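Visitor: Following this message is one structure expressed as structure tokens.
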Amino acid sequence: MTDKAGTSGDGSATPEEGDAAKPSDAEAADAKPSDATAPEGDGELPGQSGRSRYWLRWAALGTSVVVLAAAGAGWWFYQKLDSNITTDTSAAAELETYERERPTPVATGARNILLMGSDTREGAGNEEYGKDEAGSQRSDTTILLHISADRQSATAMSVPRDLMVTIPSCRKPDGKRTREQIAQFNWAFQFGGAACAIRTVEKFTGVRIDHHMVIDFRGFKDMVDAVDGVEVCLPEPIDDKAARLELPAGRQTLHGEEALGYVRARKSLGNGSDTERMERQQQFLGALVKKVQSNGVLLNPTRLYPVLDAATKSITTDPGLDSLRDLYDLTRSLRSVPTEKVQFLTVPRQPYHLNPNRDELVEPDASELFERLREDTPVTVVPKSEKEKEEANGKTPSPDPTFSGTTAAEGMCG
């Protein structure tokens with residue numbers, strides 16, 4: 001056996017063996033290939049092929065560096081967005097304690113997410129709206145978002161803050177428990193946070209809540225700013241000192257601070273009721289959804305990243321939605337939903353019989369709506385004026401009832 005140097009296995013080649021292996025000058029000349037058999041490129045200038053290989057190596061190295069840098073930046077952005085999200089583990093633990101009394105999911109594949117807008121004044125950017133009383137907070141806005149199993153529709157049902165409901169015994173932040181009582185709905189969030197609000201909604205709707213999200217004032221403003229504002233059309237000027245809002249009439253784009261004032265304002269707009277405020281909030285959210293779904297946001301990384309950054313910074317959610325991957329999977333499934341199938345409505349209600357300043361459910365309308373959400377049956381919404389006309393004409397309820405509401409396709413300016 002010989003090694004790659006041509007020496008014997010013991011490495012002791014003799015001078016004679018070396019001479020015998022060396023070809024003569026004539027043999028070397030005969031062994032030289034002719035021009036006819038020379039490989040392509042043999043006519044290149046001396047050293048050119050070496051330079052080509054040199055530059056190819058550097059080009060490959062440069063490409064590798066760019067790819068690795070892009071991958072590193074992508075990973076950094078992913079980690080940053082992922083770490084922005086706050087997880088609500090206490091709500092998950094409380095809900096697990098009461099698992100036996102919670103509704104059983106009926107429609108496999110559908111998702112029900114409770115969205116809560118907290119009016120807390122804690123945290124950067126929220127203190128300017130007033131002081132908390134002993135750290136209290138209420139769900140200033142609560143929406144039950146139902147996403148159909150086929151991902152072809154999404155229904156957002158607002159729950160009035162003044163709706164009189166049965167609030168179960170809930171665990172307070174100090175560890176003590178409240179008693180079960182009939183009270184206005186927004187007290188549930190103050191009593192026991194997201195877990196108490198979820199159990200309350202499940203109790204009067206029979207709809208199983210799969211996930212929840214809580215967003216505060218600052219988060220809402222950041223989301224609006226991230227999409228460069230939302231267009232609204234105002235029939236008349238607004239001057240609401242309580243909401244710190246002064247706007248002229250007509251078409252205009254609202255950004256963070258103005259947008260927050262617009263969806264919170266009540267006393268100086270319309271009849272000053274929470275009913276009109278909810279309708280205004282639904283219209284604004286519809287316009288926001290329409291803006292986010294536009295190609296200018298979703299398909300433009302420089303515009304999409306600020307939206308993702310604002311969204312992940314502003315939410316507190318359950319462990320099932322507390323990663324960027326979870327949220328991405330959710331938003332991706334919603335991307336194909338047509339804007340006319342993104343519907344907004346308020347739970348059917350009327351003035352409370354014991355106090356006209358509070359609300360109560362209208363039956364059987366409310367039960368019909370809840371059943372459709374539970375069983376993932378399509379919900380049909382019609383403009384408020386059309387619904388009122390139906391009721392005024394005494395129309396016989398059809399097998400497919402309609403509910404007063406709006407869609408994201410309508411926008412704020414028609």
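Visitor: Filter segment 355-369 down to the residues that are farther than 17 Å from Val207 by Cα, assigned to a strand (DSSP E or B) and open to solvent by less than 70 Å² (accessible area, probe 1.4 Å) and list them by number.
Guide: Residues satisfying the conditions are Asn355, Arg358, Asp359, Glu360.
Visitor: Report, by residue number, each residue of segment 199-218 that is buried (at least 23 other Cβ atoms within 10 Å of the Cβ) and either within 30 Å of Glu258 (Cα to Cα) or of a type in the set (D, E, K, R) (or both).
Guide: Once the filter is applied, which keeps residues that are buried (at least 23 other Cβ atoms within 10 Å of the Cβ) and either within 30 Å of Glu258 (Cα to Cα) or of a type in the set (D, E, K, R) (or both), segment 199-218 yields His212, Met213, Val214, Asp216, Phe217.
Visitor: Name, by its number, the condition in (1) on the phi > 0 side of the Ramachandran plot; (2) modelled with pLDDT of 80 or more; (3) touching a Lys or Arg at 6+ places or on another chain (Cβ under 8 Å) that does not hold for Gly125.
Guide: (2)
Visitor: Further question: Residues of segment 379-414 being assigned to a loop (DSSP other than H, G, I, E, B), surrounded by fewer than 16 Cβ atoms within 10 Å (Cβ to Cβ) and modelled with pLDDT under 80, which ones?
Guide: Taking segment 379-414 and keeping what is assigned to a loop (DSSP other than H, G, I, E, B), we get 379, 383, 393-401, 408-414.
Subsequent filtering for residues that are surrounded by fewer than 16 Cβ atoms within 10 Å (Cβ to Cβ) retains 383, 393-401, 409, 413-414.
Listed by number, the residues that qualify are Asn393, Gly394, Lys395, Thr396, Pro397, Ser398, Pro399, Asp400, Cys413, Gly414.
Visitor: Is it the case that Cys196 is farther than 19 Å from Ile113 by Cβ and open to solvent by less than 10 Å² (accessible area, probe 1.4 Å)? Steps first, please.
Guide: On the way: farther than 19 Å from Ile113 by Cβ: no; open to solvent by less than 10 Å² (accessible area, probe 1.4 Å): yes.
So Cys196 fails the test.
Visitor: Somewhere in segment 336-347, is a residue part of a helix (DSSP H, G or I), surrounded by 19 or more Cβ atoms within 10 Å (Cβ to Cβ) and of a type in the set (Phe, Trp, Tyr)?
Guide: no
Visitor: Among the residues of segment 191-221, which ones are assigned to a helix (DSSP H, G or I), closer than 17 Å to Thr317 by Cα and not aliphatic (A, V, I, L, M)?
Guide: Listed by number, the residues that qualify are Gly192, Gly193, Cys196, Arg199, Phe217, Arg218, Gly219, Phe220.
Visitor: Of the conditions (1) of a type in the set (Val, Ile, Thr); (2) within 17 Å of Ile147 (Cα to Cα); (3) assigned to a strand (DSSP E or B), Thr316 clears all except one; give me its number.
Guide: For Thr316, the exception is condition (2).
Visitor: A further question follows. (1) outside any loop (DSSP other than H, G, I, E, B); (2) open to solvent by less than 60 Å² (accessible area, probe 1.4 Å): which one isn't true of Tyr328, the others all being true?
Guide: (2)
Visitor: What's the total number of residues in segment 222-260 that are touching a His at 6+ places or on another chain (Cβ under 9 Å) and part of a strand (DSSP E or B)?
Guide: Of all residues in segment 222-260, those touching a His at 6+ places or on another chain (Cβ under 9 Å) come to 224-225, 228-230.
Then keep just the ones that are part of a strand (DSSP E or B); that gives 230.
Residues flagged as touching a His at 6+ places or on another chain (Cβ under 9 Å) and part of a strand (DSSP E or B) within segment 222-260 amount to 1.
Visitor: Which condition number does Asp376 fail, the rest of (1) farther than 19 Å from Val159 by Cβ; (2) outside any helix (DSSP H, G or I); (3) open to solvent by 50 Å² or more (accessible area, probe 1.4 Å) being met?
Guide: (3)
The values are calculated or read from the model by the stated rules, or taken from the named source; none is laboratory data. Treat the numbers as computed from the prediction; the structure is a model and nothing was measured. Note: ideal-geometry Cβ built from the backbone for every residue, glycine included; neighbour counts use all protein chains shown. SASA here: full protein model, heavy atoms, side chains in, ligands and nucleic acids out. Shrake-Rupley method; radii C 1.70, N 1.55, O 1.52, S 1.80 Å.
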